[in-house]
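Undergrad: Here it is, the structure in full.
The values are calculated or read from the model by the stated rules, or taken from the named source; none is laboratory data. Computed from a predicted structure; not experimentally measured. Note: ideal-geometry Cβ built from the backbone for every residue, glycine included; neighbour counts use all protein chains shown.
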Amino acid sequence: MSIFSDLLGKKSNISRAKSNMVMPVLPSEIYKAATLELQDIIAPSALQITPRSLNLGDKIARTFFVISYPRYLSDNWFSPIINLDKVFDVSIFIHPIETAEILRTFQKKVAEVQSQISVRESKGLVRDPMLDTAYQDLENLRDNLMQAQEKMFDVGLYITVYAESENDLFKIENEIKSLLESKLIYLKPALFQQSEGFKSVIPLGTDILSIHQKLNTEPLSSIFPFVSFDLTDDKGILYGINRHNSSLILFDRFSLPNYNSIIFATAGAGKSYATKLEIIRTLMFDTEVIVIDPEREYEYLAEAVGGRYFNISLSSNHHINPFELPAIGQDETGADVLRSNTINLVGLFRIMLGGLTPEEDSIIDRAITETYALKDITAESDFRNIETPLLSDFEAILSGMEGSESLVQRLTKYTRGSWASFLNQPSNVDINRKFIVFSVRDMEDELKPVAMYIVTHYIWNAVRKNIKKRLLVVDEAWWMMKSEDTASFLFSIAKRGRKYWLGLATITQDVGDFMKSPYGVPIITNSSIQLLLKQSPATIDVLQKTFSLTEEEKFLLLEANVSEGIFFVGLKHVAVKTIASYTEDQIITSDPSQLFAIKKAKEELEASNGGIQN
């Protein structure tokens, strides 16, 4: 029988704790008994019972009980204790009292108080306000009890706090006492009853301490204990741990008003780590995930979960034709689809050609329409069985139009120059997988905004063509926020994605470029989930104003460790820490040392398998 069993009162040999006693758990005794019970696993290495505390291994525990309440208890008076950033346990025992029994007691008590008032009046003494108030309270409570509007209860409220040392325990005790005494609620330690107090607080539901105060229904309801700063839902994935009280932050983005999220963090603060953790957990809930990856961080994850990885670059074999059209949706017409795609293409050419004058904009718009018409694509066409034009077809149409000389000259590098292999090809990308990654790391910096716009546009067309539950992750979104056209397109996805069961996850480390865009704040306000990780002093003031952060929250973000920050959902937010299991960490890590170790282990395994086969 373990020492923890003894503590719980099972065949207890512990005498009343009025003297110090050290009782170590001996492995030899467990060995002789040839049994290993749960108590043996969770029991401390040693237990010492003193008049004022319990020493549980390397922890010190002290149990307190409430001895006095004020005349009135305000709502949520217990909230500061519940949300205290300390380790402690609370037990509340509520024992109903028979109304008939308490009414007999009240009758005697009312008679006593009334008699004292009468005696004072007969002696000509000044009336005592305390006696008058007590008489009124007793009469009101007796009336409510008679009318069954109230009931009486014996209530025991016990708190056990834990600390590493006596000094820490003393500080916690003073903090709790000061919080409660400011509300005229007084605590006392369970002197010489620490064992009984501890056994009353642990989750056995046994009120051994039996130190009660009488409370009626209304003040009793103010002790409601489930008032911690939780930010959680009844379904979804784990986003992290609430740093304030270690509760779980669980949410399903597809049950929120919109399905979008946004993450701001400095380099190395854990934004991609948190995103990959969400991806790997989201995939388990029958959700397709598509990632635009500017730094090739998601390649190993795609390989691990059986996804597809497309490297978009000038030398890549993967191509996307920007002139490709989606199928016509249920609530759309061919004219709607053609018009929308034409507008998007004008935006693309504005990025590719370094801006357009109003005249050039008009020429480009007309050339796009004529390019589609060249392939017999009109508002009445069936877009499922068509030959899509290429950029070279557009160039041929454009070159025959008046005033297009400058445009054709700037377009040549995309059709016949060094960049022709990227754009002037039919699409050969298939995204019919649960997890898809488009990497643009190897794309030249000058072309990255173009590549991200084309990829995002291609994904948007695929989303509209076949509606499924999907999550689109745009990492390093500041690349897209540098141009008004790409930023506008990203914002349109954020606004319209819900209609197509699409969630948009926007991630960026360059807060300055993101917030300078006129679409920066609208994208934030259209994101139900917002995660702020560690920030730099240069950007913290902008975020503080945007998210209405307090000074404490501001410094929390400045001093946060990796994967720590603030998690927002709607008007609520809490401090969060992202935590992964060992297996998840091995799949999603971006730490170069870990990646090197994984690669080396993989090479050794392949070499050993090859050796066995040989």
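Undergrad: Go through segment 147-178 and give me each residue that's under 26 Å from Gln213 (Cα atoms), outside any helix (DSSP H, G or I) and either of a type in the set (D, E, K, R) or touching a Ser or Thr at 6+ places or on another chain (Cβ under 6 Å) (or both).
TA: Selection gives Glu150, Lys151, Asp154, Tyr158, Thr160.
Undergrad: Go through segment 93-139 and report how many residues are among the aromatic types (Phe, Trp, Tyr) and under 24 Å from Val66 (Cα atoms). Break it down stepwise before answering.
TA: Step one: filter segment 93-139 for residues among the aromatic types (Phe, Trp, Tyr), giving 93, 106, 135.
Checking which are under 24 Å from Val66 (Cα atoms) leaves us with 93, 106.
The qualifying residues number 2.
Undergrad: Determine whether segment 230-249 contains at least one residue that is surrounded by 15 or more Cβ atoms within 10 Å (Cβ to Cβ), touching a strand residue (DSSP E or B) at 6+ places or on another chain (Cβ under 7 Å), more than 27 Å from Glu553 (Cα to Cα) and at pLDDT 85 or above.
TA: no
Undergrad: Would you please list the contacts, defined by Cβ atoms under 7 Å and residues six or more apart or on different chains, that run from a residue in segment 361-373 that is crowded, with 16+ Cβ neighbours inside 10 Å to a residue that is charged (D, E, K, R)?
TA: Thr371/Asp393
Undergrad: Still on this model: Would you please list the contacts, defined by Cβ atoms under 8 Å and residues six or more apart or on different chains, that run from a residue in segment 190-208 that is among the acidic types (Asp, Glu) to a residue that is in a loop (DSSP other than H, G, I, E, B)?
TA: Pairs that qualify, where the first residue is among the acidic types (Asp, Glu) and the partner is in a loop (DSSP other than H, G, I, E, B), are Glu196/Ala190; Glu196/Ile208; Glu196/Leu209.
Undergrad: Residues in segment 206-213: is at least one touching a helix residue (DSSP H, G or I) at 6+ places or on another chain (Cβ under 6 Å) and more than 26 Å from Asn76 (Cβ to Cβ)?
TA: yes
Undergrad: Just the residues that are exposed (fewer than 14 other Cβ atoms within 10 Å of the Cβ) and farther than 18 Å from Ile92 by Cβ, please, taken from segment 172-203.
TA: Hits for segment 172-203 are Asn174, Ser178, Glu181, Ser182, Leu184, Leu191.
Undergrad: If we scan segment 33-56, do we find a residue that is part of a helix (DSSP H, G or I), among the aliphatic types (A, V, I, L, M) and modelled with pLDDT of 85 or more?
TA: Filtering segment 33-56 down to residues part of a helix (DSSP H, G or I) leaves 33, 38-42.
Those left that are additionally among the aliphatic types (A, V, I, L, M): 33, 38, 41-42.
With modelled with pLDDT of 85 or more added as a condition, the list becomes none.
So far as segment 33-56 goes, no, none of its residues is part of a helix (DSSP H, G or I), among the aliphatic types (A, V, I, L, M) and modelled with pLDDT of 85 or more.
Undergrad: Which one of Ile579, Ile598 is surrounded by fewer than 19 Cβ atoms within 10 Å (Cβ to Cβ) and touching a strand residue (DSSP E or B) at 6+ places or on another chain (Cβ under 8 Å)?
TA: On the way: Ile598 fails: touching a strand residue (DSSP E or B) at 6+ places or on another chain (Cβ under 8 Å).
Result of the check over Ile579, Ile598: Ile579.
Undergrad: Can you tell me which residue is nearest to the chain's Cα centre (by Cα) among those in segment 555-614 that are farther than 18 Å from Ala274 by Cβ and assigned to a loop (DSSP other than H, G, I, E, B)?
TA: The selected residue is Gly570.
For (1) surrounded by 19 or more Cβ atoms within 10 Å (Cβ to Cβ); (2) farther than 22 Å from Ile211 by Cα; (3) not aromatic (Phe, Trp, Tyr), each residue gets a yes or a no:
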| site | (1), (2), (3) |
| --- | --- |
| Gln48 | no, yes, yes |
| Ser53 | yes, no, yes |
| Ile60 | yes, yes, yes |
| Pro70 | no, no, yes |
| Ser74 | no, yes, yes |
| Lys86 | no, yes, yes |
| Ile94 | no, no, yes |
| Thr105 | no, no, yes |
| Arg120 | no, yes, yes |
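Undergrad: Report, by residue number, each residue of segment 468-486 that is among the acidic types (Asp, Glu) and modelled with pLDDT of 90 or more. Show your work before the answer.
TA: If we filter segment 468-486 for residues that are among the acidic types (Asp, Glu), which is where we start, we get 475-476, 484-485.
Result: Asp475, single match.
Undergrad: Looking at Val474, Val511, Val429, Val440, can you tell me which residue is touching a His at 6+ places or on another chain (Cβ under 6 Å), over 17 Å from Ser340 (Cα atoms) and hydrophobic (A, V, I, L, M, F, W, C)? Walk me through it before giving the result.
TA: Working: Val474 fails: touching a His at 6+ places or on another chain (Cβ under 6 Å); Val511 fails: touching a His at 6+ places or on another chain (Cβ under 6 Å); Val440 fails: touching a His at 6+ places or on another chain (Cβ under 6 Å).
Sole residue among the options that is touching a His at 6+ places or on another chain (Cβ under 6 Å), over 17 Å from Ser340 (Cα atoms) and hydrophobic (A, V, I, L, M, F, W, C): Val429.
Undergrad: Kindly indicate the residue of segment 393-411 that is in contact with a Ser or Thr (Cβ under 7 Å, 6 or more places away or on another chain) and within 12 Å of Ile368 (Cα to Cα) and also surrounded by the most Cβ atoms within 10 Å (Cβ to Cβ) among those meeting that condition.
TA: Looking at residues that are in contact with a Ser or Thr (Cβ under 7 Å, 6 or more places away or on another chain) and within 12 Å of Ile368 (Cα to Cα), I get Phe394.
Undergrad: Let me ask you something else. Give me the pairs, please: first residue somewhere in segment 490-512 and over 26 Å from Ala538 (Cβ atoms), second residue anywhere and among the β-branched types (Val, Ile, Thr) and modelled with pLDDT under 90, beta-carbon distance under 6 Å, and either six or more positions apart or on two chains.
TA: Hits for this filter: Tyr500/Val463; Tyr500/Ile467; Trp501/Ile467; Leu502/Val463.
Undergrad: For Gly307, state whether it is farther than 12 Å from Val437 by Cα and modelled with pLDDT of 90 or more. Don't jump to the end; show me each part of the working.
TA: Working: farther than 12 Å from Val437 by Cα: no; modelled with pLDDT of 90 or more: yes.
So Gly307 fails the test.
Undergrad: Name the single residue, out of those in segment 411-459 being touching a Pro at 6+ places or on another chain (Cβ under 8 Å) and among the hydrophobic types (A, V, I, L, M, F, W, C), that is modelled with the lowest pLDDT.
TA: Leu423
Undergrad: So which residues in segment 548-569 are in contact with a Ser or Thr (Cβ under 7 Å, 6 or more places away or on another chain) and either surrounded by fewer than 19 Cβ atoms within 10 Å (Cβ to Cβ) or within 20 Å of Thr525 (Cα to Cα) (or both), if there are any at all? Show your work before the answer.
TA: Step one: of segment 548-569, the residues in contact with a Ser or Thr (Cβ under 7 Å, 6 or more places away or on another chain) are 563, 569.
Selection gives Val569 alone.
Undergrad: Ok, one more. When segment 68-93 is examined, which residues are found to be assigned to a helix (DSSP H, G or I), in contact with a helix residue (DSSP H, G or I) (Cβ under 6 Å, 6 or more places away or on another chain) and hydroxyl-bearing (Ser, Thr, Tyr)?
TA: Listed by number, the list is empty, since nothing qualifies.
Undergrad: Follow-up question, since we're still on this one. How many residues are part of a loop (DSSP other than H, G, I, E, B) and either surrounded by 17 or more Cβ atoms within 10 Å (Cβ to Cβ) or not polar (S, T, N, Q) (or both) when one looks only at segment 342-359? Outline the logic, then answer.
TA: So in segment 342-359, the residues part of a loop (DSSP other than H, G, I, E, B) come out as 353-357.
Okay, now just the ones that are also either surrounded by 17 or more Cβ atoms within 10 Å (Cβ to Cβ) or not polar (S, T, N, Q) (or both), so 353-356.
Residues that pass the stated criteria total 4.
Undergrad: Moving on to the next point. Can Ala379 be described as assigned by TED's automatic domain parsing to the domain that holds Glu476 and either of a type in the set (A, V, I, L, M) or part of a loop (DSSP other than H, G, I, E, B) (or both)? Steps first, answer last, please.
TA: On the way: assigned by TED's automatic domain parsing to the domain that holds Glu476: no; either of a type in the set (A, V, I, L, M) or part of a loop (DSSP other than H, G, I, E, B) (or both): yes.
Spelling it out, it is not the case that Ala379 is assigned by TED's automatic domain parsing to the domain that holds Glu476 and either of a type in the set (A, V, I, L, M) or part of a loop (DSSP other than H, G, I, E, B) (or both).
Undergrad: Only one of these conditions is not met by Ser210: (1) buried (at least 16 other Cβ atoms within 10 Å of the Cβ); (2) within 21 Å of Glu98 (Cβ to Cβ); (3) at pLDDT 90 or above. Which number is it?
TA: (1)
Undergrad: Taking segment 282-300 as the region of interest, how many residues are at positive phi and at pLDDT 90 or above?
TA: First, pick out the residues of segment 282-300 that are at positive phi: 286, 296.
Checking which are at pLDDT 90 or above leaves us with none.
Of the residues in that region, 0 qualify.
Undergrad: Related question: Checking Lys214 against (1) of a type in the set (Lys, Arg); (2) more than 30 Å from Gly270 (Cβ to Cβ); (3) under 29 Å from the mean Cα position of the chain (by Cα), only one condition comes out false. Which one?
TA: The single condition Lys214 does not satisfy is (3).
Undergrad: Also, quick follow-up: Within segment 334-346, identify whether any single residue is basic (Lys, Arg), at pLDDT 90 or above and at negative phi, and answer yes or no.
TA: Within segment 334-346, the subset basic (Lys, Arg) is 339.
Next, only the ones that are at pLDDT 90 or above stay: none.
No, there is no match, as no residue in segment 334-346 is basic (Lys, Arg), at pLDDT 90 or above and at negative phi.
Undergrad: Being part of a loop (DSSP other than H, G, I, E, B), within 28 Å of Ala43 (Cβ to Cβ) and among the hydroxyl-bearing types (Ser, Thr, Tyr) is the filter here; which residues of segment 183-227 pass it? Reasoning before the result, please.
TA: So the first thing to find is which residues in segment 183-227 are part of a loop (DSSP other than H, G, I, E, B), and the list is 183-185, 190-193, 202-212, 222-227.
Now drop any that are not within 28 Å of Ala43 (Cβ to Cβ), which leaves 190-193, 202-211, 225.
Of everything in segment 183-227, those that are part of a loop (DSSP other than H, G, I, E, B), within 28 Å of Ala43 (Cβ to Cβ) and among the hydroxyl-bearing types (Ser, Thr, Tyr) turn out to be Thr206, Ser210.
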